[in-house]
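Take this structure first; my questions come after.
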Amino acid sequence: MMKSLCLLLLFALFSTSQSRSSITLKPQANPNFKINTTNHQNARTCSYTVEITTSCSSTRYTYDQISLAFGDAYGNQVYTPRIDDPSSRMFESCSSDTFTLYGPCTYDVCYLYLYRSGYDGWKPERVDVYGSSIRAVSFYFNVWIPADVWYGPDYCYGYAARSATK
């Protein structure tokens with residue numbers, strides 16, 4: 001019953017054909033998540049715009065170290081070891097921060113993880129990812145990111161199955 005409900009939710013989530021995908025299922029901690037350390041030196045480099053909106057119920061600002069990783073169902077991954085800049089007061093409550101990141105080209109992004117290290121705490125509301133070769137996607141968090149663990153939604157299994165049928 002639970003497995004059927006999960007499959008139904010994944011089907012409903014990915015069956016719409018909009019220009020922007022929206023990932024709304026609850027993000028989770030993933031202690032087994034690994035950064036793809038494969039050498040992408042020969043891989044084509046693509047540009048991505050990432051907009052992170054911090055919740056109004058977050059701390060006023062954070063000095064915590066924030067890392068970001070996102071990718072597709074085929075092992076392509078963009079990783080930024082430190083996206084924060086404490087001197088610029090990034091990630092203030094009720095604000096959005098926009099970054100231009102470069103990394104290997106991906107197919108449509110189906111997972112996004114955040115990693116927070118520090119003591120202030122941080123509550124992102126949403127993370128949007130745009131790129132010239134991918135469909136724009138929004139990942140909704142609106143939860144406090146736990147310290148020292150990769151945290152976020154990963155829907156690549158259902159996404160790869162849907163993409164393979166196109």
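The values are calculated or read from the model by the stated rules, or taken from the named source; none is laboratory data. Since we're looking at a predicted model, the values are computed, not measured. Backbone-built Cβ (ideal geometry, glycine too); neighbour counts: all protein chains shown.
Just wondering, is there one or more residues in region 44-54 that are modelled with pLDDT under 90 and in a loop (DSSP other than H, G, I, E, B)?
Yes, because at least one residue in region 44-54 is modelled with pLDDT under 90 and in a loop (DSSP other than H, G, I, E, B).
When you go through (1) crowded, with 17+ Cβ neighbours inside 10 Å; (2) within 25 Å of ASN32 (Cβ to Cβ); (3) at pLDDT below 95; (4) of a type in the set (A, V, I, L, M, F, W, C) one by one for ALA164, which number turns out not to apply?
(1)
Across region 61-94, what is the number of residues that are outside any loop (DSSP other than H, G, I, E, B), among the small types (Gly, Ala, Ser) and touching a residue at least 40 places away in the same chain (Cβ under 8 Å)?
So the count comes out to 3.
A further question on this structure: Has region 148-159 got any residue that is of a type in the set (Asp, Glu), more than 13 Å from the chain's Cα centre (by Cα) and at pLDDT 90 or above?
yes
Could you tell me whether any residue of region 117-129 is among the hydroxyl-bearing types (Ser, Thr, Tyr), loosely packed, with under 15 Cβ neighbours inside 10 Å and within 23 Å of ILE35 (Cβ to Cβ)?
yes
Another question, if that's okay. Can you pull out every residue in region 55-94 that is hydroxyl-bearing (Ser, Thr, Tyr), surrounded by fewer than 15 Cβ atoms within 10 Å (Cβ to Cβ) and at pLDDT 90 or above?
Once the filter is applied, which keeps residues that are hydroxyl-bearing (Ser, Thr, Tyr), surrounded by fewer than 15 Cβ atoms within 10 Å (Cβ to Cβ) and at pLDDT 90 or above, region 55-94 yields SER57, TYR74.
Yes or no: ILE83 over 21 Å from LYS26 (Cβ atoms) and out of contact with any strand residue (DSSP E or B) (no Cβ under 7 Å at 6 or more places or on another chain)?
For ILE83, the condition - over 21 Å from LYS26 (Cβ atoms) and out of contact with any strand residue (DSSP E or B) (no Cβ under 7 Å at 6 or more places or on another chain) - is not met.
Out of all the residues in region 130-154, which are surrounded by 18 or more Cβ atoms within 10 Å (Cβ to Cβ) and in a loop (DSSP other than H, G, I, E, B)?
PHE141, ILE145, TRP150, PRO153
Restricting region 95-111 to residues that are buried (at least 19 other Cβ atoms within 10 Å of the Cβ) and assigned to a strand (DSSP E or B), which is nearest to the chain's Cα centre (by Cα)?
Per the stated criteria, the residue is TYR111.
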